[in-house]
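First the structure, in the form of structure tokens, and then the observations on it.
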Amino acid sequence: MSIRIETDRCSGCGRCCEVCPGNLIRRSADGKADIRRRQDCWGCTSCLKECKTGAILFYLGADIGGRGSVLSVSQKGDIKIWSVTDPGGNVQKIAVNSKESNQY
Amino acid sequence: MISMIQRHIDTDILIIGGGTAGCFAAITLGKEKEIRVLLAEKANIRRSGCLAAGVNALNAYITKGKTPQDYVDYARRDAAGIVREDLLFSMAERLNHAAEELERLGVVILKDKQGEYVARGDRNIKINGENIKPVLARAAAEQENVTVLNHVNITDYLVKDNRIYGACGFDVREEVFYEICAGAVICATGGAAGLYRPGHAGFSRHKMWYPPFNTGAGYAMGIRAGAEMTTFEMRFIALRCKDTIAPTGTIAQGAGARQINAYGEEYEEKYGLTTSQRVYGTVRENKEGRGPCYLKTKGIAEKQEQDLYKAYLNMAPSQYVRWVESGKGPAQENVEIEGTEPYIVGGHTASGYWVDGDRQTTIRGLFAAGDVAGGCPQKYVTGALAEGEIAAEAAYRYIKAEEKSKEISAGAAYPYSKAEGESKETSAADKKAEYEAYLSGEEALFTADDLEEAMQETMDRYAGGIGSGYGYRESGLKTAAEKIASIEKLSQKLHAADMDDLLRIYELKERLTVCQAVIAHLSARKETRWRGFGENLDYPQEDAAWEKYVNSRMENGTIRVFERELVKGGAAYEHTH
Ligand SMILES: Cc1cc2nc3c(=O)[nH]c(=O)nc-3n(C[C@H](O)[C@H](O)[C@H](O)COP(=O)(O)OP(=O)(O)OC[C@H]3O[C@@H](n4cnc5c(N)ncnc54)[C@H](O)[C@@H]3O)c2cc1C
Ligand code: SF4
Ligand code: SF4
């Protein structure tokens, strides 16, 4: 369970570093975000939601059955679009409206 | 020798921990414009604590036709009697008000055509809880008289003659020491995770239910300062989706899925329906070779599956990834379930500070709210908000009464710092020296991570973790106590290369203190009352003689355990300090 930061997409804005509930993300010498201890991630996805450039990807560790797919999220108004990309590059998307309540 | 920069802040009320209860306490105190409020948070209140990923529903609500007393009765039965009915009642009375406040602040709550909240079962209402934390955080930060101090980790209270006058801590990034003096302090640091070896101890060790960053700081500070604590032997073990540790209630209540064993037999009814009995059923089925156990979701409609996907993205995104990447959603495959490692969490069970009706602890001027406060289980989000509000109102009354008696006006530097200057300087200075010693010094033999692993192994094996089927014995607990004491000694010799290391050292130290209390409480209760949450193998039966609280207090470095009679049937408990 952890995140991967795609440094080429990271603008160095620092929002993810600010918001992680575990203080796990820092900016490294080149100004880009860096997770120092990948195994300390809780998997809350706060950093993904905060990142405007989509530089942060979330994945499940192999020890809990992860198969290499990555989750990302982008936001348009009230709609969050979540994408899962598998190792073959296939993408599955789902849109969630933050103004709509859970049905369950 | 490293020398930290020292910052001193004076405030009227200090709130430690800007989670659910802490933010709501700040919002409540926003109405009292003439006082200054400081909210200190180790991360950033925007996404810190339990609510970081979002929540699924409001689990504590008085639905139509029910009364607060019904809620009290439910919580008492669920905890097999070991609750404070006075605390439960005053919380229950405010649950619906808390829900309405959340809606007013911007959380979406599902309503029917008549404009009534839609209930899920007897006590829940349906919401979109993804953005609940940013909503609460914004409202807290907007209060004119509230200052938010993000990224400051508090480690100790400043107490003199059993009266609190502040707390101290450090910036988690820069070498800055904080000394905060306050007229009253509200502790809202949540519960404790990471005491026991987690289900997956390797790469995914932090894929746990409770936030791994809630390390029991509030409990540990209170224990060390000599505050009375209650019911640490009532650990919480959650029944969760295997591997992702995502909540099961959404599937069970939302999609009406039943628990089945490997033979497809429904087993819930066999063991009883309290929270701990549900966990016990699954543990037992596994132990007796009828596992793995599942939630029977196979065959649910496509629309239901889509709704479940969205609900999980709003609170536990890893479960969604799991479904998608395995190529099998809940409609095609039943969801495997398991029990987690034990947590100490006063919002689900009854562990925490021993408080009076005002949520004042046995230390004068120190209040506790949310998962850190004891006696009042089944709080959940709305109960944490309710307690945040109760504590805030009481802390305000307390400082007003103190002002009157000391004839000083609000806005002045806080009186205790002056009146008791000498001892204050010494204890804060000691703390600063302690941090600096960790930051200076040489590379140590062990790291905080090494010792955390040792602590978790010890608790798992000798104090009833997953590895020992949640069972424990007197002899094992003795071993656990010895080992934890020796790890504690080693923790004094750790080295911090930077502030991040220092944070991990203090997180470890907090957990070690909480472990001591858990072990002492487990060995004191000579019966088995909440079977799914732990079995005392020396005393495997429930015993009516133990219908009382097990409380404790640290005296001269050791935890002294004692009993107290139950507070029930409309009686209220007040401190006599
Ligand atoms: C994953 C999960 C899902 C849940 N789902 C639901 C649900 O669907 N419905 C429901 O009603 N309830 C739910 N709950 C329960 C509910 O969220 C909690 O009971 C409640 O939020 C607890 O509030 P709190 O203020 O006590 O703790 P928190 O909200 O966790 O706040 C504690 C705060 O203290 C900070 N802190 C800790 N130590 C220090 C320190 N040393 N110095 C400074 N700050 C510190 C933390 O960073 C955190 O911000 C869920 C809980 C979890 C963990
Ligand atoms: S939020 Fe995104 S862009 Fe900003 S620092 Fe983090 S990874 Fe980089
Ligand atoms: S997913 Fe959550 S815990 Fe993990 S790095 Fe991002 S913000 Fe931190």
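Quick rundown of the values:
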| read-out | value |
| --- | --- |
| Cross-link reach list, lysines versus B:Lys432, counting only Cα pairs under 20 Å and skipping chain neighbours closer than eight places | B:Lys42, B:Lys160, B:Lys418, B:Lys424, B:Lys489, B:Lys493, B:Lys509 |
| Net charge dipole size for chain B [Lys, Arg +1 and Asp, Glu -1 on Cβ; Debye, nearest 20] | 1120 debye |
| Degrees separating the helix B:302-313 axis from the principal Cα axis of chain B, which is the longest one | 20 degrees |
| Relative contact order of chain B, pairs being alpha-carbon contacts under 8 Å that are 6 or more residues apart, as % | 21 percent |
| Full-extension gain in nm, B:Met1 to B:His575, via 0.36 nm per residue minus C-alpha separation | 202.2 nm |
| Shape call, the range B:428-544: gyration tensor on alpha carbons, a/c limit 1.5 | prolate |
| Residue among B:Gly291, B:Tyr280, B:Ala257 farthest towards the positive dipole end of the range B:239-339, charges placed on Cβ | B:Tyr280 |
| For B:Ala257, residues with placed amide H under 5 Å, excluding near neighbours | B:Ala252 |
| GluC sites (Glu not before Pro) restricted to DSSP loop in the range B:18-114 with at most 12 other C-beta within 10 Å | B:Glu34 |
| Cβ-based charge dipole, the protein assembly as shown, positive-most Cα from B:Ile237, B:Ala572, B:Ile82 | B:Ile237 |
| Three-way shape label, the protein assembly as shown, alpha-carbon gyration tensor, a/c 1.5 | rounded |
| Computed lengthening from B:Lys568 to B:Arg290, 0.36 nm per intervening residue step minus Cα-Cα distance | 96.1 nm |
| Contact order relative to length of chain A, as percent, for alpha carbon pairs under 8 angstrom and 6 or more apart | 22 percent |
| Inter-part distance where the range B:425-485 and the range B:50-119 are each reduced to a Cα centre, Å | 37 Å |
| Between helix B:499-524 and chain B: long-axis angle, C-alpha atoms, 0 to 90°, nearest 10 | 70 degrees |
| Per DSSP, loop GluC sites (Glu not before Pro) in the range B:529-577 with at most 13 further Cβ within 10 Å | B:Glu574 |
| Euclidean distance of C-alpha centroids, the range A:28-83 and the range B:517-577, integer Å | 43 Å |
| Total charge dipole magnitude, the protein assembly as shown, about the Cα centre, Cβ charges on Lys, Arg, Asp, Glu only, Debye to nearest 20 | 1380 debye |
| Point-charge dipole on Cβ atoms (K/R +1, D/E -1) for the range B:442-524, about Cα centre, debye to 20 | 580 debye |
| Label-point separation, B:Lys33 to B:Glu305 (7 Å along Cα→Cβ), nm | 5.7 nm |
| Acute angle (nearest 10 degrees) that the helix B:68-78 long axis makes with the longest principal axis of chain B, alpha-carbon atoms | 70 degrees |
| Options B:Ile559, A:Gly22, B:Tyr61, ranked by Cα towards positive dipole end of the protein assembly as shown, top entry (Cβ charges) | B:Tyr61 |
| Distance between modelled label sites at B:Glu555 and B:Ala262, nm, 7 Å Cα→Cβ extension | 5.2 nm |
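Taken together, the values in this text are just the output of simple stated rules run on the coordinates, not laboratory data. Remember, predicted model here, so these are calculated numbers, not experimental data. Note that each Cβ is placed from the backbone with ideal geometry, even for glycine, and that neighbours are counted across all protein chains shown.
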